[in-house]
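Taking it in order: structure first as structure tokens, then the write-up.
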Amino acid sequence: MKKIPIQLTINGRKREILVRPNETLLNVLRDRFHLTAVKYGCGIGECGACTVLLDGVPVLSCQLLAATCDGHEVVTAEGLAPEGETDPMQDAFVEEGAVQCGFCTPGMVISATALVRENPDPSTEDIKDALRGNLCRCTGYENIIRAVKTGAKKIKSRKRET
Amino acid sequence: MSDFRFLQPEGLRAVLKAKEDEGAKGLILAGGTNLLSYIKKRRVKSGLLIDITRLDELKNIEEGAEGITLGASLTIQDLIESEVVRRRLPSFFEALKLFGNPLIRAKATLGGNLADASPIADTAPILLAMDASVQVASERGERTVELASFFKGVGETVLKPDEVLTAVTVPACGDSRVKMLKLGLRKGTACSVTSAAVRIKLRDREIEDVRIALGGVAPTPVRAYTVEKALLGKPCTGEEIENQAQLLRKDISPITDVRGSAEYRKEVSVNLLSRALLTAAGMEV
């Protein structure tokens, strides 16, 4: 198969790569850039474990061909905070015990981050709706919903400080 | 071995040229939420992937005398955010919120949802109830197809191998009332067990006009012509609606699958239809 040259901005860095026509963004992120927070779950757009931000919008990276993302900006859970640090939403997930096996967590954090950017003070219903595409099989969602609320408060108070 | 090529055409004309050359091997890639699953499951192993996501000419929203025309590569999220859709097609707007989940809605397109021809396409029942039509283009020219005659079978439509679905026209519903209900096994990201959409027009408490469409109960989304006919001219009462809705069994041919048995689907779709009709008619359910 003839490869296609594309340019992606991944977690703030410009990257130029060659991709196969049927290569998903998910595989590019994991296999080429070792961004393994992006999880390969169902592979068919049902579980949300592969959620990333594409130009700020949460999308399923298993359902996107890398070639169609040419020129766009991708942020994974690794890119939410500088290397070695965590961001407030990640901290909230840890504090609220919203992580058990952890497989869904990066996708949850990405969807939650996008929600709070649009809606800094989300209700339980807002959170449930925003996370509808992210499945968790361990925690039962209660702690996750609490974590998103806590994360939203942290982000708000951080904004007030700066 | 899979064997794909990739094309990002500059305009619709180049898309149609590619479809003319490739026919069924020309795979229209819009949101990709279905196509990528088919590639992953190896139902589709080769072809020219024609990426139409960047074509602004397929993302127009036009208010015309005949109704609202919606470009085929508008995403479900684009439609939900559209002021025109919210104002002119409020029932369609409400129905769109039943679609998939935010991650899917960000990418899945209106044209893709219809052209994929799934029996449980979430936009199909409501668009059927609203008498929508689709615009189809090829190098040979353009044509309009009533949505009611668009679907042929599971994954099959009247589209010829060189044709592309370019837009959907939804007539403004005037003083008709429209309602869609969807039954899934859970609230989030659920494929429909069955769904029902109705458009009803009343005059002096009589049913002057009615359209009914169901999803998930036949190889394609279907109109319930028997029930429509039976309700015409009838007084709009709860008893009448519940009685005539029983005739739905003649219009549908559900199958048994992981989401429910054929028998269950027959029962539950009659109830769902009654509820949709009663709600649209402004009655207590």
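The values are calculated or read from the model by the stated rules, or taken from the named source; none is laboratory data. Keep in mind that what you see is a predicted model, and the values were worked out from it rather than measured. Cβ atoms come from the backbone with ideal geometry, glycine included; neighbour counts cover every protein chain shown. Quick note on the areas: whole protein, heavy atoms, side chains included, nothing else; ligands and nucleic acids left out. Shrake-Rupley method; radii C 1.70, N 1.55, O 1.52, S 1.80 Å.
For this structure, a couple of remarks:
- Output for segment A:129-151, where each listed residue is of a type in the set (Lys, Arg), assigned to a helix (DSSP H, G or I) and either at pLDDT below 95 or touching a Cys at 6+ places or on another chain (Cβ under 7 Å) (or both): none
- Checking each residue of segment A:6-22 against the condition of being away from every other protein chain (no Cβ under 12 Å), in contact with a Cys (Cβ under 9 Å, 6 or more places away or on another chain) and touching a residue at least 24 places away in the same chain (Cβ under 8 Å) gives at least one match.
- Only residues that are touching a helix residue (DSSP H, G or I) at 6+ places or on another chain (Cβ under 8 Å) and within 12 Å of chain B (Cβ to nearest Cβ) were counted across segment A:120-139, and they come to 10.
- Taken as a whole, the condition of being open to solvent by 60 Å² or more (accessible area, probe 1.4 Å), of a type in the set (A, V, I, L, M) and in contact with a Ser or Thr (Cβ under 9 Å, 6 or more places away or on another chain) applies to B:VAL154.
- Residue count, segment A:113-146 (criterion: in contact (Cβ under 8 Å) with a residue 40 or more places away in the chain and of a type in the set (Gly, Ala, Ser)): 2
- B:GLU57 vs. criteria over 25 Å from A:LEU135 (Cβ atoms) and more than 19 Å from the chain's Cα centre (by Cα): yes
- Condition broken by B:ALA24, with the remaining ones in (1) open to solvent by 60 Å² or more (accessible area, probe 1.4 Å); (2) among the aliphatic types (A, V, I, L, M); (3) touching a Ser or Thr at 6+ places or on another chain (Cβ under 6 Å) satisfied: (3)
- Of all residues making up segment B:34-60, the number that are open to solvent by 40 Å² or more (accessible area, probe 1.4 Å), farther than 16 Å from A:ILE4 by Cβ and not acidic (Asp, Glu): 9
- Listed by position, the strands (runs of 3 or more DSSP E) contained in segment B:1-77 that have at least 1 residues being closer than 30 Å to B:LEU98 by Cα, at pLDDT 95 or above and within 14 Å of chain A (Cβ to nearest Cβ) are B:26-29, B:46-51.
Residues checked against (1) outside the structural domain of A:ILE155 (by TED's automatic domain parsing); (2) open to solvent by less than 20 Å² (accessible area, probe 1.4 Å); (3) farther than 22 Å from B:GLY32 by Cβ:
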position: A:CYS42; (1), (2), (3): yes, no, no
position: A:LEU65; (1), (2), (3): yes, yes, no
position: A:HIS72; (1), (2), (3): yes, no, no
position: A:PHE103; (1), (2), (3): no, no, yes
position: A:MET108; (1), (2), (3): no, yes, yes
position: A:VAL116; (1), (2), (3): no, yes, yes
position: A:SER123; (1), (2), (3): no, no, yes
position: A:LYS128; (1), (2), (3): no, no, yes
position: A:ARG137; (1), (2), (3): no, no, yes
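- Among residues that are over 18 Å from B:THR33 (Cα atoms) and modelled with pLDDT of 95 or more, A:THR51 is not included.
- Boolean, A:ASP91 is over 22 Å from A:ASP55 (Cα atoms), among the charged types (D, E, K, R) and either out of contact with any His (no Cβ under 6 Å at 6 or more places or on another chain) or surrounded by 14 or more Cβ atoms within 10 Å (Cβ to Cβ) (or both): yes
- Of the residues contained in segment B:85-98, none is found to be within 22 Å of the chain's Cα centre (by Cα), within 12 Å of chain A (Cβ to nearest Cβ) and closer than 19 Å to A:ILE44 by Cα.
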